[in-house]
Amino acid sequence: MSQKTLAEDTPTGAAQARQAASARRWWILAVVAVAQLMVVLDATIVNIALPSAQADLGFSDGNRQWIVTAYALAFASLLLLGGRIADLFGRKTAFLAGVVGFAAASALGGAAGGFGMLVAARALQGAFGALLAPAALSLLNTTFTDARERARAFSVYGAIAGAGGAMGLLLGGLLTDALDWRWTLYVNVVIAVVAFAGGWLLLSNHRDAAGSKLDVPGTVLVAGGLFSVVYGFSNAETHDWGSPLTWGFLITGGLLLAAFAGWQTRAAHPLLPLRILLDRNRAASFLAVLISGAGMFGVFLFLTYYLQLNLGFSPTETGLAFLPMVGALMVTAQLGTIVLVPRIGPKAVVPLGFAVAAAGMAWLTGIGIGSSYVSAVLPQLVVTGVGLGLVMPPAMQLATGGVAPEDAGVASATVNAMQQVGGSIGTALLNTLAASAATDYLAGKDAAGKLVRAQATIESYTTAFWWSAGLFAAGAVITLLLFRRGVPRQDADAAPVVHM
């Protein structure tokens, strides 16, 4: 028996070993948080840089959406595959491969000399992000087993997932103003170096599903289904809901996902075991992530337009304007996951968060052409942030809690897929409704008048905010009905084990 083992058999040695393990867990959380931040930032950081990139590379307004859509399509369609790869081949392998690939794709995009190269780089970013994101989330699920520590870890992770979009707007504005649009991509290389070094040193490559095989038919069906759904909603922005490129892909996506669900009941090694979806609390959590992802675009997308085009904010000022919301979200993320859910359960906390976020969005509809940020935007953002902080971190924790270790990766991938699909639905739906509101307002008016056109844009923004409020209100009702009463108890047989 080694001296280390003998030392750990003593009370003092065991206490020291527990302290060392605990310290290592928190370093793993830091590494995972850095990697997750890189993925979440990329959903919005490029948006602010798009006008500069368009001027530099000379692509059209019609092609501009593909810089965003290419990332979303690859990310959403490959997420479940990425999660299963992490379960089958090891989370460390998936994590490190995702970090390296994401960094390489980012460097390729930053060096892009034309539109095609930039779109290809964004698609590669999405593909490697689909490998990295579920590996990162499942690492938390298998590293933190103590209930209080797990709640604290997920409060950090959920806050990053919720606030990362706003942080991306800030960082994108800073980099575009101070350096060049290319640095919104190059910055990922810097972040990746930190994440890779930490992952290499701290993680081990335990494979909980090493005895299983990859479900190839299921992978093809779900990848095709998710691709079609996201692509269909993306086409709704540039075409219309009556276009075959919109409804055709949406119907195809729905049929493929239905076929995938049917196949999962018969597959020997299902890609997404249906036992993951059948738990009421987990199903409610997945829907909470989907709805919050859809509604949040009413905050980020249209408020960004309002601040820059109507109030004259620079990209950097726009990013800074979202910081109070980020701060409120991070504070209530701690409160919700560490204090409230363990004491009173999610049935009260998550619907309350949705209701508060809905109130914040409804309050935001009071903006006007000459409104002040301090009175018409800031308080409303804080209220919305408070609400979302009570929704996203608890939902992410409950969505992955209690799953068997061999299912941790695919459960984590499902959370990310819900957020991505929700964002795609929200973007398409709110853009369409906002455009219709502006058109309706201009009907019968002098569309050439500057004041009339400015008011039409206000109508489009407030319409999007009202619909976001409606989505959050629907989330409050749905989660109130679905979540079980009481404090959730983790099944000891399904509890994840620590692999460090």
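Give the residue that is nearest to Gly173 (Cα to Cα), with candidates limited to residues of the range 264-304 that are aromatic (Phe, Trp, Tyr) and either at pLDDT 80 or above or touching a Pro at 6+ places or on another chain (Cβ under 7 Å) (or both). Don't jump to the end; show me each part of the working.
Looking only at the range 264-304, we keep the residues that are aromatic (Phe, Trp, Tyr), and these are 286, 297, 300, 302.
Cutting the leftovers down to either at pLDDT 80 or above or touching a Pro at 6+ places or on another chain (Cβ under 7 Å) (or both) gives us 286, 302.
Values: Phe286: 32, Phe302: 16 Å.
Here the answer is Phe302.
Only one entry in Ala258, Ala284, Ala236, Ala223 is open to solvent by 40 Å² or more (accessible area, probe 1.4 Å), aliphatic (A, V, I, L, M) and assigned to a helix (DSSP H, G or I), namely Ala258. Read through the list (1) at pLDDT 75 or above; (2) hydrophobic (A, V, I, L, M, F, W, C); (3) surrounded by fewer than 22 Cβ atoms within 10 Å (Cβ to Cβ), then give the number of the only condition that Ala210 fails. With respect to (1) at pLDDT 75 or above; (2) hydrophobic (A, V, I, L, M, F, W, C); (3) surrounded by fewer than 22 Cβ atoms within 10 Å (Cβ to Cβ), Ala210 is out only on (1).
Taken over the range 423-445, the residue count meeting the criterion of being assigned to a helix (DSSP H, G or I) and either more than 14 Å from Phe300 (Cα to Cα) or aliphatic (A, V, I, L, M) (or both) is 15.
Using the structure shown, decide if Phe472 is touching a Ser or Thr at 6+ places or on another chain (Cβ under 6 Å), crowded, with 17+ Cβ neighbours inside 10 Å and either assigned to a loop (DSSP other than H, G, I, E, B) or at pLDDT 80 or above (or both). No. In summary, Ala294 fulfils each of the numbered conditions (1) farther than 26 Å from Thr457 by Cα; (2) surrounded by 22 or more Cβ atoms within 10 Å (Cβ to Cβ); (3) under 19 Å from the mean Cα position of the chain (by Cα) with the single exception of condition (1). Within the range 72-85, residues that are crowded, with 24+ Cβ neighbours inside 10 Å reach partners that are not in a helix (DSSP H, G or I) with beta carbons closer than 7 Å, at six or more positions or on different chains, in the pairs Leu80/Leu271; Leu80/Leu272; Arg84/Leu214; Arg84/Leu271. Using the structure shown, decide if Ser243 is open to solvent by less than 20 Å² (accessible area, probe 1.4 Å), of a type in the set (Ser, Thr, Tyr) and either within 27 Å of Gly402 (Cβ to Cβ) or touching a Cys at 6+ places or on another chain (Cβ under 9 Å) (or both). Against the criterion (open to solvent by less than 20 Å² (accessible area, probe 1.4 Å), of a type in the set (Ser, Thr, Tyr) and either within 27 Å of Gly402 (Cβ to Cβ) or touching a Cys at 6+ places or on another chain (Cβ under 9 Å) (or both)), Ser243 does not qualify.
Counting only residues that are among the β-branched types (Val, Ile, Thr) and surrounded by fewer than 24 Cβ atoms within 10 Å (Cβ to Cβ), which one in the range 92-119 is farthest from Ala35 (Cα to Cα)? Give the steps one after another, and end with the answer.
To start, the set of residues in the range 92-119 that are among the β-branched types (Val, Ile, Thr) comprises 93, 99-100, 119.
Imposing the further condition that a residue be surrounded by fewer than 24 Cβ atoms within 10 Å (Cβ to Cβ) reduces the set to 93, 100, 119.
Details: Thr93: 14, Val100: 11, Val119: 22 Å.
That would be Val119.
Cβ-Cβ contacts under 9 Å between residues 6 or more apart (or on different chains), taken from a first residue in the range 94-110 that is without any contact (Cβ under 8 Å) to a residue 24 or more places away in the chain and outside any helix (DSSP H, G or I) to a second residue that is aliphatic (A, V, I, L, M) and crowded, with 23+ Cβ neighbours inside 10 Å, are absent.
In the range 439-458, the residues that are open to solvent by 90 Å² or more (accessible area, probe 1.4 Å) reach residues that are of a type in the set (Val, Ile, Thr) with C-beta atoms within less than 8 angstrom, at least six apart or across chains, in these pairs: Lys445/Val452; Asp446/Val452; Leu451/Ile369.
Suppose we keep only residues that are assigned to a loop (DSSP other than H, G, I, E, B) and of a type in the set (Gly, Ala, Ser) within the range 358-401. Which one would you say is nearest to Ala417 (Cα to Cα)? In this case the residue turns out to be Gly401. Do the conditions hold for Ala428, that is, is it modelled with pLDDT under 80 and open to solvent by 20 Å² or more (accessible area, probe 1.4 Å)? Here the answer is no, as Ala428 does not meet what is asked.
The values are calculated or read from the model by the stated rules, or taken from the named source; none is laboratory data. What you see is a predicted model, and the numbers here were worked out from it, not measured in a lab. As a convention, Cβ positions derive from the backbone with ideal geometry for all residues, glycine included, and neighbour counts pool all protein chains shown. Each accessible area value is taken on the protein alone, full model and side chains, heavy atoms only, with ligands, DNA and RNA left out. Shrake-Rupley method; radii C 1.70, N 1.55, O 1.52, S 1.80 Å.
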